[in-house]
């Protein structure tokens, strides 16, 4: 069993002429589960299977676009072999179903 701290998810993350606009979709969270090596043709990474059935992928380098897993969020980060608690809260989401789901920057400025 491993504990993985994942970064927050921003529904809006834009830079405008007036500055930055960000809206939090989910705060940083701790996910516990079983970690296994996972390979796509261009990269090797990790697959975290949580007890509640969720799946999360972590790669140290971004896989090619057509090789991204599509059954769970994908995070860019490093996991050392044998680690039991990892903080990836400063890492970057490569794919997440809630990334960019908020209003557009124009909608935010108009509200």
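The values are calculated or read from the model by the stated rules, or taken from the named source; none is laboratory data. Bear in mind that the values here come from a model prediction, so they are computed numbers and not experimental data. Using ideal geometry, Cβ is built from the backbone for each residue, glycine included, and neighbour counts are taken over all protein chains shown.
A few comments on the model shown:
- Test: residue 66 is on the phi > 0 side of the Ramachandran plot and either in a strand (DSSP E or B) or free of Cβ contacts under 8 Å to residues at least 60 places away in the same chain (or both): no
- Test: residue 35 is surrounded by 11 or more Cβ atoms within 10 Å (Cβ to Cβ), over 14 Å from residue 1 (Cα atoms) and in contact with a strand residue (DSSP E or B) (Cβ under 7 Å, 6 or more places away or on another chain): no
- Restricted to strands (runs of 3 or more DSSP E) entirely inside segment 17-57, those with at least 2 residues that are at pLDDT 90 or above and over 14 Å from residue 77 (Cβ atoms) are 29-40, 43-50.
- Picking from residues in segment 80-111 that are assigned to a loop (DSSP other than H, G, I, E, B), touching a strand residue (DSSP E or B) at 6+ places or on another chain (Cβ under 9 Å) and at pLDDT 90 or above, the one that is surrounded by the most Cβ atoms within 10 Å (Cβ to Cβ) is 88.
- Single residue of segment 1-32 satisfying the filter (within 17 Å of residue 84 (Cβ to Cβ) and surrounded by 11 or more Cβ atoms within 10 Å (Cβ to Cβ)) that is nearest to the chain's Cα centre (by Cα): 6
- Subset of segment 38-59 (residues that are under 12 Å from the mean Cα position of the chain (by Cα) and over 15 Å from residue 2 (Cα atoms)): 59
- Cross-chain or 6+ apart pairs with Cβ under 7 Å, segment 22-49 first and without any contact (Cβ under 8 Å) to a residue 40 or more places away in the chain, then outside any strand (DSSP E or B) and surrounded by 17 or more Cβ atoms within 10 Å (Cβ to Cβ): 40/63; 42/63; 43/63; 46/79
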